[in-house]
Amino acid sequence: MFDRLPAPRQDPILKVMQMFREDPRDTKVDLGVGVYKDDTGNTPVMRAVKRAERKLVESQTTKTYTALVGDPAFHRGMTDLLLAGTVLAERIAAAAATGGTGAVRLGMELIRAANPDARVFISTPTWPSHNTLAEKAGLTVAPYRYYDAETGGIDRKGMWEDLDAARPGDVVLLHGCCHNPTGADLTPDDWRGMASFLTERGVLPFIDTAYQGFGAGLAEDAAGLRHIAATQPRMILAASGAKNFGLYRERAGITLVICPEDERATVSGTLGALNRASISFPPDHGARIISTILSDPALRADWEAELTDMRDRVNGLRRALADALRDACGSDRFGFLTEQKGMFSVLGGTEQQIARLRDEFGVYVVGGGRLNMAGLTLASVPRVAKAIARVL
Ligand code: LMR
């Protein structure tokens with residue numbers, strides 16, 4: 001029967017990752033997959049993670065199953081990190097998931113269980129898996145315009161025109177911060193406008209936040225989603241511990257669902273049943289590292305300090321690239337880079353141009369020209385800027 005299997009569609013981000021690995025040139029630069037890298041090109045295990053792991057090894061007495069929704073200490077730690085008391089605990093149902101991806105999938109499955117007719121409005125562009133995860137959960141995707149490539153900012157006119165088609169019971173997927181792939185984030189005014197729109201239309205917000213701490217700071221990057229949480233009766237929040245805790249392969253994610261208090265038990269039970277139907281019990285090691293860090297003041301302070309250094313490094317590289325591009329192009333056409341937030345920006349470019357960047361200059365970016373600032377070093381910036389100026 002497997003001879004009838006169609007060839008799987010290759011993921012555009014993972015394809016770049018694989019091509020980079022296979023390239024023997026030592027001058028190659030990986031600006032593809034969204035992982036943080038230090039100046040030596042390494043993705044480090046964070047100091048607080050190492051210490052928390054040691055603590056766990058010493059103190060853990062069992063590895064028996066947790067609950068179907070995971071460990072309550074992980075729920076508490078992440079809820080506080082994300083929402084900081086914005087919403088009463090009695091209104092939040094939480095479930096650990098397999099990474100941020102699993103958290104989005106779980107949220108989509110919950111929507112499907114509650115309202116199979118819901119359409120999920122998803123920004124164009126977005127992280128490609130968003131569309132896949134919604135569709136694989138059996139939901140219909142409705143794209144909404146989001147990015148204005150001319151200005152490098154948000155296409156507000158297009159966004160509101162497209163969202164105008166949303167009906168009560170539909171869902172709008174928003175990026176909490178550091179929009180992937182554009183780096184163009186909603187402003188406080190936009191978040192306020194979004195809250196009014198959601199209230200007026202009876203539309204459910206679904207916020208995916210995978211880069212908290214990489215934009216302007218932990219609290220700053222959560223301000224928008226906290227505003228939505230504070231103003232809406234219901235909301236789904238999917239969060240990842242991959243990037244800000246550097247726990248990529250541990251798959252530590254969480255789905256939080258805000259709802260009226262009397263709906264919470266059913267929502268929580270449904271999240272557990274959905275986990276049971278796919279993974280049974282969620283992975284615990286990464287989740288427990290996170291709750292250990294967040295509940296220990298010294299570990300937490302060290303984690304925040306290292307995350308601040310990581311953010312500063314990414315922002316420094318962003319500025320350095322914008323400066324080098326100004327010099328290399330003799331114009332401000334990439335000036336928008338300094339306005340954007342997080343690891344990513346989109347430079348545009350045809351498939352041929354992206355291939356030329358890769359083949360001729362060893363510069364790997366994702367299709368559409370998404371580049372990961374964290375893959376740069378101060379040494380590689382001038383070379384990358386010259387290649388971009390030549391090709392794009
Ligand atoms: C990315 O956008 O590069 C990351 O979120 C990694 C992934 O899984 O695609």
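Would you mind stating whether G77 is outside the structural domain of M310 (by TED's automatic domain parsing), more than 16 Å from the ligand (Cβ to nearest atom), within 19 Å of I293 (Cα to Cα) and modelled with pLDDT of 95 or more?
Details: outside the structural domain of M310 (by TED's automatic domain parsing): yes; more than 16 Å from the ligand (Cβ to nearest atom): yes; within 19 Å of I293 (Cα to Cα): yes; modelled with pLDDT of 95 or more: yes.
Against the criterion (outside the structural domain of M310 (by TED's automatic domain parsing), more than 16 Å from the ligand (Cβ to nearest atom), within 19 Å of I293 (Cα to Cα) and modelled with pLDDT of 95 or more), G77 qualifies.
Per-residue answers, yes or no, for (1) exposed (fewer than 10 other Cβ atoms within 10 Å of the Cβ); (2) among the β-branched types (V, I, T); (3) closer than 21 Å to A96 by Cβ:
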| position | (1), (2), (3) |
| --- | --- |
| D3 | yes, no, no |
| L14 | no, no, no |
| T27 | no, yes, no |
| G32 | no, no, no |
| T40 | yes, yes, no |
| P44 | no, no, no |
| E58 | yes, no, no |
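Where residues in region 14-64 are in a loop (DSSP other than H, G, I, E, B), more than 16 Å from the ligand (Cβ to nearest atom) and hydrophobic (A, V, I, L, M, F, W, C), which of them is nearest to Q212 (Cα to Cα)? It comes out as M46.
In the set L307, L299, L225, only one residue is over 30 Å from G169 (Cα atoms), within 17 Å of the chain's Cα centre (by Cα) and in a helix (DSSP H, G or I); that residue is L307.
Filtered by the rule that a residue be surrounded by 19 or more Cβ atoms within 10 Å (Cβ to Cβ), among the aliphatic types (A, V, I, L, M) and in a strand (DSSP E or B), region 120-141 gives V120, I122.
Can we say T270 is open to solvent by 20 Å² or more (accessible area, probe 1.4 Å), in contact (Cβ under 8 Å) with a residue 12 or more places away in the chain, closer than 25 Å to G375 by Cβ and β-branched (V, I, T)? In short, no.
Quick grid of which residues meet (1) within 28 Å of F74 (Cβ to Cβ); (2) within 16 Å of the ligand (Cβ to nearest atom):
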site: G100; (1), (2): yes, yes
site: R105; (1), (2): yes, yes
site: A113; (1), (2): yes, no
site: D117; (1), (2): no, no
site: F121; (1), (2): no, no
site: T126; (1), (2): yes, yes
site: H130; (1), (2): yes, yes
site: A134; (1), (2): yes, yes
site: T140; (1), (2): no, no
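Restricting L173, L204 to those that are touching a His at 6+ places or on another chain (Cβ under 7 Å) and in contact (Cβ under 8 Å) with a residue 40 or more places away in the chain reduces the list to L173.
Table: residues versus (1) open to solvent by 70 Å² or more (accessible area, probe 1.4 Å); (2) of a type in the set (S, T, Y); (3) at pLDDT below 95.
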| residue | (1), (2), (3) |
| --- | --- |
| D312 | yes, no, no |
| N315 | no, no, no |
| R326 | yes, no, no |
| C329 | no, no, no |
| T338 | no, yes, no |
| M343 | no, no, no |
| E351 | yes, no, no |
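Here the condition is being open to solvent by less than 40 Å² (accessible area, probe 1.4 Å) and in the same structural domain as A93 (by TED's automatic domain parsing); of A287, A265, A277, it holds for A287 alone.
Residues that are touching a strand residue (DSSP E or B) at 6+ places or on another chain (Cβ under 8 Å), assigned by TED's automatic domain parsing to the domain that holds D189 and away from the ligand (no atom under 16 Å from the Cβ) are absent from region 299-320.
Within region 58-83, residues that are on the phi > 0 side of the Ramachandran plot have Cβ atoms under 7 Å from residues that are among the charged types (D, E, K, R) and part of a loop (DSSP other than H, G, I, E, B) in these pairs: G70/D284, counting only partners at least 6 apart in sequence or on another chain. What about H179, is it touching a residue at least 24 places away in the same chain (Cβ under 8 Å) and surrounded by 20 or more Cβ atoms within 10 Å (Cβ to Cβ)? It is true that H179 is touching a residue at least 24 places away in the same chain (Cβ under 8 Å) and surrounded by 20 or more Cβ atoms within 10 Å (Cβ to Cβ).
The values are calculated or read from the model by the stated rules, or taken from the named source; none is laboratory data. Values in this document were obtained by computation on a predicted structure and should not be read as measured data. Counting neighbours? That spans all protein chains shown, and the Cβs are built from the backbone with ideal geometry, glycine included. Quick note on the areas: whole protein, heavy atoms, side chains included, nothing else; ligands and nucleic acids left out. Shrake-Rupley method; radii C 1.70, N 1.55, O 1.52, S 1.80 Å.
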